[in-house]
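Below is one structure; the comments refer to it alone.
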Amino acid sequence: MSMTERVAIVTGAARGLGAAIAQRLAQDGLAVAVLDLEEQATKPVVDQIVSAGGKAIGVGADVSDAAAVEAAVAKVVAELGPPTVLINNAGITRDNLIFKMAASEWDQVMAVHLRGAFLMTKATQKYMVEAKFGRVVNLSSTSALGNRGQVNYSAAKAGLQGFTKTLAVELGKFGVTANAIAPGLIESEMTRKTAERLGETWEHYEARRAKEIPVARVGQPADIAHAASFFVSEGAGFVTGQVLYVAGGPRA
């Protein structure tokens, strides 16, 4: 089966990194299920893919809800075919210093990042095993190395790295690879809100942070989409269990 016959699911794909990845995979020839919490929110991305000649559908699901995940994957199978590529991108932030952090803020972040990745991977891996081909790409973060005010997010992103490495061990013999991308500072709706919370304009925040990055710029969603395209490709079949820091430097 060529890549043009493959089906991919990208979670959290209505905007930001997920949207960029979904669009890139469609350009690579894959049929793409654009999954987000509300199906209506996926329409602009789906329309962009279709208008460019690609194939895509929108799917609404809470990735932390087991029944919703099963229903979403069933819809993808029915409308596009069995998925053999999964991008676990869905995520949220509930930033706070640990002494202020509510248990609900911890639980919400763990539910989306870790439970969501687990449920989505469990629901799709059987199609990959049957096809003897599969690609799982999990979105981690440089925050996995530690970041003040993000004890929940950092723990979840570090957990995704361990999840990735174990998937690689368990699924490798079936032709399924699992890798993680750990972005640094990427311009997105989420990072613009961070600047806003700090009382800075995006332009000031971007310029200040770029000085800390060896390549002297912040990343763009296309930088992450390019990395995902590589991990998903046929040629990356001997690369698994890896964490790729796409951060403009060794730790940025």
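We did not get these values from a lab; they are worked out from the coordinates using the rules stated. Everything numeric here is computed off the predicted structure, so don't read it as measured data. All Cβ positions, even for glycine, are placed from backbone atoms using ideal geometry, and neighbour counts span all protein chains on display.
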- Any residue on another chain or 5+ positions along whose placed amide H is under 5 Å from the amide H of Thr177 is listed here as Gly134, Arg135, Val136
- Residue-span extension gain [Glu212 to Lys122] - 0.36 nm each, minus C-alpha spacing: 28.5 nm
- Message: Per residue of the stretch 59-71, what does 6.51 cos²θ - 1.76 cosθ + 1.60 with θ = phi - 60° give for ³J(HN,Hα)? Whole Hz please, x for Gly and Pro, Karplus curve as stated.
- Response: 9, x, 6, 8, 5, 8, 9, 4, 5, 5, 5, 4, 5
- Once you sort the root eigenvalues of the Cα gyration tensor of the stretch 59-177 as a ≥ b ≥ c, which label holds: rounded (a/c under 1.5), prolate (a/b larger than b/c) or oblate (the other case)? oblate
- Phi angles of the stretch 118-129, converted by Karplus (6.51 cos²θ - 1.76 cosθ + 1.60, θ = phi - 60°) into ³J(HN,Hα) in whole Hz with x for Gly and Pro, give 4, 5, 5, 5, 4, 6, 9, 4, 5, 6, 5, 4
- Task: Describe numerically, in nm with one decimal, the distance between label points set 7 Å from Cα along Cα→Cβ at Ala78 and at Ala222.
- Result: 3.8
- Query: Along the stretch 31-45, what does the Karplus equation 6.51 cos²θ - 1.76 cosθ + 1.60 (θ = phi - 60°) give for ³J(HN,Hα), rounded to whole Hz, x for Gly and Pro?
  - Reply: 7, 10, 8, 8, 10, 8, 4, 10, 4, 4, 5, 7, 4, x, 5
- Using a basic spin-label model with each label point 7 Å from the Cα along Cα→Cβ, how many nm lie between Val129 and Phe99? 4.8
- Query: From a point 7 Å beyond the Cα of Val169 in the direction of its Cβ, which residues of the stretch 100-142 have a backbone N at a distance under 16 Å?
  - Reply: none
- Query: To the nearest 10 degrees, how steep is helix 221-232 against the longest Cα principal axis of the chain, on a 0 to 90 scale?
  - Reply: 40
- Item | Helix-only [θ]222 nm of the chain, DSSP H runs n ≥ 4, -39500 (n - 2.57) each, per residue, nearest 500 | -13500 deg cm²/dmol
- Net charge, Glu38 excluded, C-beta distance under 14 Å - Lys, Arg +1, Asp, Glu -1: -2
- Item | Dipole magnitude of the chain, debye to nearest 20 (Cβ charges: Lys/Arg +1, Asp/Glu -1, about Cα centre) | 600
- Message: Just to confirm a number: summing +1 for Lys and Arg and -1 for Asp and Glu over residues other than Ser233 whose beta-carbon lies under 13 angstrom from that of Ser233, what do you get?
- Response: +1
- Query: GNM on the chain, C-alpha springs below 10 Å: top fluctuator among Ile57, Ile92, Ile21?
  - Reply: Ile92
